[in-house]
Every structure is written in C-alpha cells, then in structure tokens.
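Trainee: Got a structure for you, questions after.
The values are calculated or read from the model by the stated rules, or taken from the named source; none is laboratory data. Everything numeric in this text was worked out from a predicted model, so none of it was measured. All Cβ positions, glycine included, derive from the backbone under ideal geometry; neighbour counts span all protein chains shown. Only protein heavy atoms, including side chains, enter the accessible area calculation; ligands, DNA and RNA are left aside. Shrake-Rupley method; radii C 1.70, N 1.55, O 1.52, S 1.80 Å.
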2 protein chains.
Amino acid sequence: MPAILVGDGRLGGISATISAYESLKLRGYDVTAVIFEDHGLVNEVPLLSYFRNRVPVLVLPPVPKDMSDDLMSWFDESQPIFISLKEIMISDFIKRTKRLREMPKKACDVFWWPFTQHKRIPEGNVTVIDSRCGENFAIHKVKDFDWISQQFDACASWWTQGPDPNLQLELARDMGYTAARYGHVMFPENVYEPALELAEMLLESVGKGWASRVYFSDNGSTAVEIALKMAFRRFLTDNNLLSCHESANVDGRCMDLKVLALRGSYHGDTLGAMEAQAPSHYTGFLQQPWYSGRGVFLDPPTVSIYCGIWKVCLPEKMQILNIGQECVSFSSHDEIFKINRDGSSLAGLYSSFISQELPVLLDSNGLSHIGALVVEPVVQGAGGMQMIDPLYQRILVRECKNRKIPVIFDEVFTGFWRLGRESAAEMLCCQPDISCFAKLMTGGIIPLAATLASDAVFEAFTGDSKLLALLHGHSYSAHAMGCMAAVKSLKWFKDYNVNMKIMCETRFLQELWDAELVLQISSHPVVHRVVALGTLCAVELLAEGCNAGYASTYASSLIKKLREDGIYMRPLGNVIYLMCGPCTSPFICRPILEKVYARIHEFGQQKSASATSELGIC
Amino acid sequence: MPAILVGDGRLGGISATISAYESLKLRGYDVTAVIFEDHGLVNEVPLLSYFRNRVPVLVLPPVPKDMSDDLMSWFDESQPIFISLKEIMISDFIKRTKRLREMPKKACDVFWWPFTQHKRIPEGNVTVIDSRCGENFAIHKVKDFDWISQQFDACASWWTQGPDPNLQLELARDMGYTAARYGHVMFPENVYEPALELAEMLLESVGKGWASRVYFSDNGSTAVEIALKMAFRRFLTDNNLLSCHESANVDGRCMDLKVLALRGSYHGDTLGAMEAQAPSHYTGFLQQPWYSGRGVFLDPPTVSIYCGIWKVCLPEKMQILNIGQECVSFSSHDEIFKINRDGSSLAGLYSSFISQELPVLLDSNGLSHIGALVVEPVVQGAGGMQMIDPLYQRILVRECKNRKIPVIFDEVFTGFWRLGRESAAEMLCCQPDISCFAKLMTGGIIPLAATLASDAVFEAFTGDSKLLALLHGHSYSAHAMGCMAAVKSLKWFKDYNVNMKIMCETRFLQELWDAELVLQISSHPVVHRVVALGTLCAVELLAEGCNAGYASTYASSLIKKLREDGIYMRPLGNVIYLMCGPCTSPFICRPILEKVYARIHEFGQQKSASATSELGIC
C-alpha cells in the first residue's frame, strides 16, 4: 500500500521525518509524498535533498495555537496544498495501476523465463506479483477494475522460501544493515563476521560430527560442481591414483572418473552438475550438446503412500525376489526411517544388489573408476518428488565408504527443515564426506550456497604449491548479505522461542499436513501416490502416456482452479505439490490441503465424465 | 562504531525510538544500548519486545522540570543506570575486540577459501574486515593494542565493486525495502517491478540495437553456460542442422560442437564455462578431471603500454609479416579504438589469418562444427589483464557472423563502465548475438547475472513443445533484491547529476589514472607493460621462469608493502593492478597510483641489489 508520511516541521523534525521514512521503507512501503506543518524552519529543503527530489515534500501553514479558532481560515489557506496532495496521490495511483496493467505484455516482450515455452504463455497467464508477505504473494488482477488479492506460494518459489512475516521483517532490517556495514567484501584470505558466524553455525549444525570446512558459492549447481571436484581429488589421493596422473599424457588425462548416482536425481543445470544426472529431457542434445552422462546410474527403490499405506516400490530388477510384506509396508513415515530396518531381509536384498552392481562397473585395465557417489538424500525433488527408501540410501553410502568412494549429499532441496529435520542426512542416520546446501539457507531471500567437507577431503588439496589448491571461485563467494541472511534464518528456524513449529523436546518440525486428510487424498481414484514429509506434500496424479512425465500438461486445469482458490502452484508434469516454510502453522496448511482435495475430487469427476462421453462416442 | 541510542520516553517515543534505531542500522551501526528518560509511560516494555531482548534498554529517572534544580540529586539517583550503561559498553567492547582478535585463527580453522593454498596462509596473513564504506575496507589489526584502519580495496573485491559511500547508503535502504516488499518471488511466468525494470533498462542500454531478451541467473559462470546453450541452438537452427539431430543415435549426439575462443580467456569455473577456455592450470586433471577443452583456441594480438607507448604485440605466427610501425603504435588508447583502423594493412593481416584458421577447423564429414564464438571483449581479466587488439576482435566477430557462427561477448568483467564505457561492445563498435553480464551489475552488493540475446537466438527456442524451451534455471533467477540493486546502481553510475565522473557530453567515464604517471610506470625497468583503461590500471612486472605466470609469488613482497600503505591489492601472478569504481574520483586515484609507483621503484632497487649480491656470490 502506498503511504503518505506526515512529517515533522519542528526543530529535530528533519531527522525524525527521515527516520520515519526509513522505517516505512523497511516495511516495504512506497511513500507517495511527505507533508508537514510549517514551523518556520524550512525543513523541506534538507528533506528534498535527502530524497534527491524523488519524493514530493508538501508544507502546510502553521496550525493556529488559539484553541477557540475554528480553523476555517487555516483550511482555506491550506486548500491548495491538500489539492496538490490529492493530485499527487491520484496521479501516483494512475501511474501505478497503468504500470501494473501493462506488466504482463511487457514481461512477455522482454523476459526469457527459465523452463518456459514462451509460445504457450499468453499474456493472460502471466502472474503480476505486487509484493510478498511471508508465505503469500499479493497478486494484481484486472476484473472490471484493479484488484490486489493474496495467493499462497505453494511451490515456496522453487523451494527457497521459509520466512513468516515476522522473520521477513527482521531479514529486511538485517539486509539494510549488512549492505551499509559491509556491502560485499572479497573472501579469500579474509574474514568478516557474517561469513565466520555462518561457517561456525553450519559446522555446528548440519556439519556436526563430520564436516570441518565450508566452501561458499552462489547456488546449488555450483555447490555440486565444487563437491565433485572435491570428491574426485579425495578419491585420487585416497586410492593412490595421483601417481598414475603424474605419468599421464600431456593433458594429464589418463583415466576416466565416473560418478555413481541414482536415476531420477537432479543436481542443477551447469554442465558439471548435469553430467552427474542420468539422461533425460533436461540433458538431451537439444538442451546441452556437450552432455555425455559421466555417471553410472542405479534404479532406486522408492516409498510413497499408496491408497492410505506407506509402501516401498521396488525397481523391476528387484521384484523377482520374495520379500515379506512386513518389510515393504509401514504405518507411518517414522517407521520407514527406523534404524532397525538394517536387519531386515530387504536390507540384505539391497546390499547384495548394490554389491553386484558396483564391482562390474570398474573396468579391468584400471583406467575407469567411480570417483564419487552423489545423491539427493531422502527425496529427489525435480525428478518428481520421489522419496527414495532411506534404508537403500543408507546401505549405498556404507558400500561406497567401504570402497573408498567419497559420498556427496546434495541437500540443496532437502536441507534446513524442508523434510522436517534440520538435514536429510540426520533422517538417514548417516554422514557424507561432502554436503551441498543452498535454497532455504538464506531464508529464501538471496542466492548463497555452501559445500561442506570433511577434513580428509580438505587435506587432499593442501601442499606446497598453489596449483594443488582448489582453483575454483565465484566473485561473490561468501558475500556478507547472503551470510547474514543465512545466520538470521537458520537461527530463527530452529529457535522454538520464535518458531513454535519446532518441538522443543525432539527438535523435529511438527506435522504440518493433516495425516488423515493425506491418507484420504492418497486413496482417491485419480491419485497414484502421495509423499507428505516436513514442509512437503506431493501428489502424483494417475496418468499414462503423454499425460505422464515432465512435459505433461495433464495437471494444468487443476492448477488453474487452485490459483482461483488463492493457491499458487506449479506442477512437475503430473505431480503437484504443496510446500510451505518451517515457520508455517498447521492451521494455515489444513485449509489449503482441504482445497486441494476438493479440487482433486472435482478433477476426478471431470475426467470420469469425459471418459464416459468418449466411451459413448466409441 | 558501536552506538548508544538516546531514545524517547514520551508519548510517541516508542515509534520514534524504533525509527531512530532502524536509521542507525541502515547506516551500518551496531547499537549497544538504548537509554531514555522516564515519563511514566513504560516505553521500555514494547521496546524490549521489538528488540526481542537483544538490545538492553535503560531508563533514567525523570529530569526535574524546575530550572533552578542543580540536578545533583537526579545524578545521584541516576548513577546506577549510568554505571550499568558503562558496564554494558565496556563488556561489549571487550567481547567485540576478543572476537576480532580470534577471527584469523577461526577463519583458518573453518573456511575453505577459493583459489587459496591454505598451507601457505599463516594466521598473521589473514585480513580482518570490520566493515566497508565505498571503496575502503576498515581493517582490524593488533599492534600493541587494537586498531581499525582504512585500506583502499584496489582489487574492487574481485572486480565487483562500484559504489561510493553515498550509493552504498542508498543501496542499503533499497535492500531493506526490497526484502520487506518482495523477499524473493519465483520468476517463470511471473512479473514484478524490479525484474521488469532491470530487463527494460538492460535492453535500453547495453543491449540497445541488438538484444531483445534477458535471461537471469546467478553469476558469470552460469551466464556463460546459458549463453553457450543459446548459441549452439541458434547455430543448429540457422544452419539447418537440427534434422541431422533428429536422425541421430539414441542419445541424439550425432555431431561435435566446438566453441571458438581466444587463448588466455576465462569464463568461470563451472564445467561448461571451463570447456570454453584453453587448457591451463585452472583446467588440468588435478582441478577438473572432466575438462576436455571443447574449443578451438586462437592466439590473439594484444595491446599495452611498453616504455611509454601503446603498442600492439603480435602473436608469433603473425610476426613473419612486414607491418608498418604506424599500424602498431599509438599515442593514446583512444586511437586504438578508432574505426578507421579497419582500412589498415594490419586489418588485412588479421582478416587473412582468421580466414585461414577458420575453415580448416571444420572437418570434412560435417560432424564437427564451430557452434559459437565466445570472447571477453577488449580486456581478458583473469588471464592477466591482457588487452586484446580491438581491431582483431572486431574482424573476428565479422568473420564469424559471415559464417553464421553466433557471437557471445562475456562482459562479466568488462561491463558497466569497468573499462570507461557502459559496455566493451560499445568500445569495439560491434554487436554480439548474446552477451553476459554480472559482477558490477548490482553495484557489487549481491550476485546476479544476465544473459542478453537477440530475437533470432530467442526464436530458436520457441515451438509447440515445452521440450524445445531452454530447460535451464536457477532457484533465485531474477531475485528481486539483485534486480533492485542493479536498477539503482546502473542508474546511478550513468547519471552525471550524481556521478560527476561521467562526462555529460560524451557519456564516457573521465580519465581516472594520471596519464603521465602511467607512462612513467610503464617505463620503469622492472615493469614489462601497463594497461590503463577506465577503472583499471594493470602493471605486469618483468619476470621470467617460475616468477612469471599465475602460480608466481614474485609480487608478494610488493603487495605486502602496499598493504602497509593502506592499499589492499591481490596479484594475478606477476601482474598487479589497481581497480576502482565508476564513481571514484581521480583525486583518490592519483595518490594511490603514486604510492604504487614509489613501491615499484623500491621493489626494483631491492631486485637489483639482490641480483648484484647474487652476482657477487657467483
């Protein structure tokens, strides 16, 4: 909402007015004009200079001190000022709404949106976001006249968001402070408080017990590229393979290092991160002619709620064996993470499959090696919100560690309470050698990433020569504002005095999605499976052929209806999902999930109606 | 400097105190305590709640109204409060200095700095940065007792910095506002003011006349990866090679696309960006086992000041030919950029060399193509501040355009007045198809990158299927805070009402480095060459063998001395450089350059003394 600031024309009024203006800005207000009563001090001159003439400053004549004065002559005298103020307000409003109305067309003309086929986005489909407050967007629409309405950001703006309105305001103040105090200062060989505090916090939380170093970069993709470079060097030194390198050809390339990964995983869009992903639409020649898939990709078992029951879904290869139902069905998600599953027959099956698959991958001449394992622990995000059986990932990690293959956890999506615990590694009950964090780390304000590493990994880069160091960096490595946002957000998320959603005994996030409603949704005939864990509730719609997969537009009518309900969703093909922040109340989540259920039901009725009519035509 | 805020205990004093506190924060102050006179309104309660008990609030007894009162009894009554305030101040000071003193050790323990051999960084070498203001760091040091002193950030914090103290304060307020107003909101299919305004501004400035679309990402490296994906697709469609792809093998890989680039160029550290660089220490097996160098790398002619004269230095291959001195010597840098050089015999030489080199690169079976040209226009930054002959780059661009090879300018380093003009493309007088910007774009506050593209490039991605779209993106694409910082900074840099360094007639940046002094430095016996252009003044020291090149520590004693002089430099091997922002005054630059000259002279004397003594030993 634009604001009129009633300033102060008295002695001391200049600074009071400036401070009040700054407090409004720090709450996201546009100030249309400043107006104050004249006390003969010409306060408007320094104010206009402070505003650099960008905000009009109006001065009213002194209000008569005589209490018996009916003020009529003062009003007469003031009228031109009030008229002028009204004109400023009206002209500002007209300018603002004109701009808002033009924005969809202009956006279609100048933007190149990521992951978007522009030809399929008519102007009418463009969402005009006037502001955000906590989990909600304020959306501008024109229906007869101009409207601003709320929409719940159900995709957490690509999984970055965490703050509630209180944290957002605290972050705003901290961002202003950090920009004034530090701006950005270069990182190598330097230290400054926000970077140091964040590094210490990360090592004391998600890195506790295994990590000793923090490497900063800008996003998940760069964090993964750095992790791969770290892992390969550690692998080469740990397996005494650097001597082979020294006697290698001119390029120094004597061997082929591959990465072990799970099919369906996603680690970012820069080439190095892409190479660690199995071939898909994202990696095809049309998208990246340089991609060759430098990985060995395993098919993992997944877990979801099918018709009200958490069940393991085994990949085809594993289905030949007899596994008792008690091993693959669970009454709650807590059971799936229980460590006593390590003794089950399923654990034996996983272990033998992994052992079978691993050795054949190393060639006989010793020139091809698996130099790293990289997984998204617990849930694969962009791959369609697939929960991987944690037992399988735990065994995979163990098998890799036994073979001196460094283990990378890509926690860009899963880290910092996204799945209900501070890290997904904690849920798996195992520790990586390297771990990548980004997205939610800054509370979803600005980009920052961190790659955490164990001491053994770090040691592989120390030596006398600079050329042994990790020669990778980004200009804004450990930029102060990102570090400060992360310090504030990570503290806030886990502090049960300010974030009541953290249970003070267990330090888990409380259940956000109504358990009964989740089971009900999973039992709906148009629903294939559901995963509800922490801040995530994903629903895969039953779909076949071109209706399934990433390029599917199967869910688009459902998404459209939900936007009418004030829920801003963005599907992953035929998978739709709700995502909130670690500060979001279950009381906010419940009615949203109810709306989703109602729309899924409606969607099902339409599908069955159209199926019946098609049958009629046949 | 920590501050004590004298608050207001009167009616309205709560908001006045909060606003004053926020104004202090927006100027980078730490507030140690708030103190105010009691007016019986218990203002401390809401204030403590606002501060979430993180700032102590002290209340003084009411000051007697009687003018004849000598206030002694008031002082007596107030004494415990003043003592308590003093204790808070002292304990805060002790805590602060203790932390500052510990920081070097802690930094060495937990950070993993980029491009740094940790084994060679003793604690004493770590710089503790307590704050920055405009171009200067405030550095904490312990010499007998604690000191805070200024250092000029002469590497512009890895070439990101631009603001003067005024712009920094404006940015701080805007960052607070944007965090409160938008936080971050997701970009695809959406529009919000800061992103739209920035896109419009970029197309109206550095993209004017050729670009029609803006693609946002996080840093220079991702901007280049995106540019390469764009260029390859454009190349394939423009040359009707997509049909070949359609009849290709399962992977869709029927051809090898290479990038044409100049030796010595640098485009970032993610794998795709690295592949566009010629082999070097950065790209070796030790650093990135996956690098293969997917480029054809040409040796470019360079230009520098040698002994007081701007001269072209031709690569070995070209030196066989007779070129008149008038073609390779210039009296000023302006002459080097003159378009009439296109008619010179040197232009003919360049043209024929490029023509000779280009066709042989395409193989006879049509399965290998040059799919893109990528260059850093005018100056190669990380490659040692090498200025490439603009005539050569202009001809290279023309030759590529003639062959339907899309042209990418990597302006991450060169963009936004770094070299004295808004873009390096403007200096070259030619237009690319795709251009990458980052670093200085946000005024050096937070990471943001933009890849600009022509309409023809964009059109290669439109079609009916989503799979034709550019499936690349980062969570924080076009994040509001980065866009707002860029809007503010780019406007400020070029507005000659606030930035007097822009000359209002020519719209060029005025000369910042004293021309005579620059020539003098270039003539010093220990100096090999100098490049002074825009905000950059680079000096290559004469060095041989292990003293030359990236891993050299040849300049380290010189750098150490300059830090004692209050100039924070970071060398590129045996190249040292000064870099300021587009708002920095020549009056700041002059004494700094003088200090550099003095230290170079001293360095020379030491070198010749040690050479003499070595001679003696021999």
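Trainee: Looking only at the stretch A:401-414, count how many residues are in contact with a Phe, Trp or Tyr (Cβ under 9 Å, 6 or more places away or on another chain) and farther than 21 Å from A:Val457 by Cα.
Mentor: 1
Trainee: In addition: Out of A:Arg213, A:Arg181, I need the residue that is in contact with a helix residue (DSSP H, G or I) (Cβ under 6 Å, 6 or more places away or on another chain), at negative phi, outside the structural domain of A:Leu578 (by TED's automatic domain parsing) and open to solvent by 20 Å² or more (accessible area, probe 1.4 Å). Which one?
Mentor: Only one candidate passes the filter, namely A:Arg213.
Trainee: Of the numbered conditions (1) in the same structural domain as B:Ala227 (by TED's automatic domain parsing); (2) touching a Phe, Trp or Tyr at 6+ places or on another chain (Cβ under 8 Å), B:Tyr350 fails exactly one; give the number of that condition.
Mentor: (1)
Trainee: Give the stretch B:233-255 a look and list any residue that's modelled with pLDDT under 90, open to solvent by 50 Å² or more (accessible area, probe 1.4 Å) and not in a loop (DSSP other than H, G, I, E, B), or say none.
Mentor: Selection gives B:Ser243, B:Glu246.
Trainee: Among the helices (runs of 4 or more DSSP H) lying completely within the stretch A:99-215, list those that include at least 2 residues that are more than 7 Å from chain B (Cβ to nearest Cβ).
Mentor: Passing ranges, in order: A:165-181, A:193-204.
Trainee: Same structure, new question: It is to be established whether one or more residues within the stretch A:66-82 are in contact with a Phe, Trp or Tyr (Cβ under 7 Å, 6 or more places away or on another chain), exposed (fewer than 15 other Cβ atoms within 10 Å of the Cβ) and assigned to a loop (DSSP other than H, G, I, E, B).
Mentor: Checking the stretch A:66-82: not a single residue is in contact with a Phe, Trp or Tyr (Cβ under 7 Å, 6 or more places away or on another chain), exposed (fewer than 15 other Cβ atoms within 10 Å of the Cβ) and assigned to a loop (DSSP other than H, G, I, E, B).
Trainee: Before we move on, is B:Lys317 outside any loop (DSSP other than H, G, I, E, B), open to solvent by 30 Å² or more (accessible area, probe 1.4 Å) and either modelled with pLDDT of 95 or more or on the phi > 0 side of the Ramachandran plot (or both)?
Mentor: no
Trainee: Quick check on B:Thr451: is it surrounded by 14 or more Cβ atoms within 10 Å (Cβ to Cβ) and either within 14 Å of chain A (Cβ to nearest Cβ) or not charged (D, E, K, R) (or both)?
Mentor: So B:Thr451 fits the description; yes.
Trainee: Now, a different point. Only residues in the stretch B:594-613 that are more than 20 Å from B:Glu516 (Cα to Cα) count as the first member; pair them with residues that are part of a helix (DSSP H, G or I) and not polar (S, T, N, Q), Cβ under 8 angstrom, at least 6 apart or cross-chain, and list the lot.
Mentor: Qualifying pairs under 8 Å: B:Phe603/B:Leu558; B:Phe603/B:Lys561.
Trainee: Looking at the stretch A:506-519, which of the residues that are assigned to a loop (DSSP other than H, G, I, E, B) and either touching a Leu at 6+ places or on another chain (Cβ under 8 Å) or among the acidic types (Asp, Glu) (or both) is least open to solvent (accessible area, probe 1.4 Å)?
Mentor: It comes out as A:Trp513.
Trainee: Please go through the stretch B:576-591 and give me each residue that is open to solvent by 10 Å² or more (accessible area, probe 1.4 Å) and over 25 Å from B:Trp147 (Cα atoms), ordered by number.
Mentor: Within the stretch B:576-591, B:Ser585, B:Pro586, B:Phe587, B:Arg590 meet the criteria.
Trainee: Identify, from the list A:Met481, A:Met503, the residue that is open to solvent by 40 Å² or more (accessible area, probe 1.4 Å) and among the aliphatic types (A, V, I, L, M).
Mentor: Exactly one residue qualifies, and that residue is A:Met503.
Trainee: Further question: Return a yes/no flag: does the stretch A:68-89 have any residue that is in contact with a Gly (Cβ under 8 Å, 6 or more places away or on another chain) and farther than 30 Å from A:Asp269 by Cα. Before you say what the answer is, go through the steps one by one.
Mentor: Of the residues in the stretch A:68-89, the ones in contact with a Gly (Cβ under 8 Å, 6 or more places away or on another chain) are none.
Among the residues of the stretch A:68-89, not one is in contact with a Gly (Cβ under 8 Å, 6 or more places away or on another chain) and farther than 30 Å from A:Asp269 by Cα, which makes the answer no.
Trainee: Let me ask you something else. Counting only residues that are open to solvent by 10 Å² or more (accessible area, probe 1.4 Å) and within 13 Å of another protein chain (Cβ to nearest Cβ), which one in the stretch A:484-500 is nearest to A:Leu228 (Cα to Cα)?
Mentor: Residue satisfying both the conditions and the ranking: A:Met484.
Trainee: Restricted to the stretch A:258-286, and to residues that are in contact (Cβ under 8 Å) with a residue 60 or more places away in the chain, open to solvent by less than 30 Å² (accessible area, probe 1.4 Å) and in contact with a Ser or Thr (Cβ under 8 Å, 6 or more places away or on another chain), which residue is nearest to the other protein chains (Cβ to nearest Cβ)?
Mentor: A:Gly268
Trainee: Then there's this: Tell me, please, whether a residue that is more than 29 Å from B:Glu193 (Cβ to Cβ), surrounded by fewer than 18 Cβ atoms within 10 Å (Cβ to Cβ) and either polar (S, T, N, Q) or assigned by TED's automatic domain parsing to the domain that holds A:Lys95 (or both) can be found in the stretch A:17-35.
Mentor: Looking through the stretch A:17-35, none of the residues is more than 29 Å from B:Glu193 (Cβ to Cβ), surrounded by fewer than 18 Cβ atoms within 10 Å (Cβ to Cβ) and either polar (S, T, N, Q) or assigned by TED's automatic domain parsing to the domain that holds A:Lys95 (or both).
A quick yes/no check of all residues on (1) open to solvent by less than 60 Å² (accessible area, probe 1.4 Å); (2) touching a residue at least 12 places away in the same chain (Cβ under 8 Å); (3) in contact with a Ser or Thr (Cβ under 8 Å, 6 or more places away or on another chain); (4) of a type in the set (A, V, I, L, M, F, W, C):
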position: B:Ile88; (1), (2), (3), (4): yes, yes, yes, yes
position: B:Arg96; (1), (2), (3), (4): no, yes, no, no
position: B:Lys106; (1), (2), (3), (4): no, no, no, no
position: B:His118; (1), (2), (3), (4): yes, no, yes, no
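Trainee: Considering only residues of the stretch B:28-45 that are part of a loop (DSSP other than H, G, I, E, B) and of a type in the set (Gly, Ala, Ser), which is farthest from the other protein chains (Cβ to nearest Cβ)? Talk me through it step by step, then tell me what you get.
Mentor: So in the stretch B:28-45, the residues part of a loop (DSSP other than H, G, I, E, B) come out as B:28-30, B:38-43.
Adding the requirement that they be of a type in the set (Gly, Ala, Ser) leaves B:28, B:40.
Numbers: B:Gly28: 3, B:Gly40: 22 Å.
Top of the filtered list is B:Gly40.
Trainee: What residue, of B:Cys537, B:Cys583, B:Cys589, is assigned to a loop (DSSP other than H, G, I, E, B), of a type outside the set (Lys, Arg) and at pLDDT 95 or above?
Mentor: That would be B:Cys583, the only listed residue that is assigned to a loop (DSSP other than H, G, I, E, B), of a type outside the set (Lys, Arg) and at pLDDT 95 or above.
Trainee: Then there's this: Quick one: how many residues across the stretch B:1-16 are open to solvent by 50 Å² or more (accessible area, probe 1.4 Å) and among the aliphatic types (A, V, I, L, M)?
Mentor: Residues meeting the conditions: 5.
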